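Everything on this sheet refers to the single structure shown next.
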Amino acid sequence: AVINQMVLPFVAVGDGNNDAEMIEAAEIGIGYGGVREIAPSVLACASHAVYQEEKLVEFLERLV
């Protein structure tokens, strides 16, 4: 899997079931619900959940 080739630490952002594995592997996993509902599988493994684009941008800017 591509996840095994990632260099840690990394941040992953997603909303769907297909993002759950990536988010779980990330040091900071963000479920983003600004476009559609965050899948339960993502919420189960995300370290953070954000529902507004502006808040996501603010959060990411603090990481830099």
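Yes/no matrix, rows are residues, columns are (1) of a type in the set (Ser, Thr, Tyr); (2) surrounded by 16 or more Cβ atoms within 10 Å (Cβ to Cβ):
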position: TYR32; (1), (2): yes, yes
position: VAL42; (1), (2): no, yes
position: CYS45; (1), (2): no, yes
position: ALA49; (1), (2): no, no
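For region 12-64, the tally of residues that are of a type in the set (S, T, N, Q) and outside any loop (DSSP other than H, G, I, E, B) stands at 3.
Values quoted throughout were computed directly from the atomic coordinates according to the rules given, and no laboratory measurement underlies them. All values reported here derive from a predicted model rather than from experimental measurement. Glycine also receives a Cβ, built like all others from the backbone with ideal geometry; neighbour counts cover every protein chain displayed.
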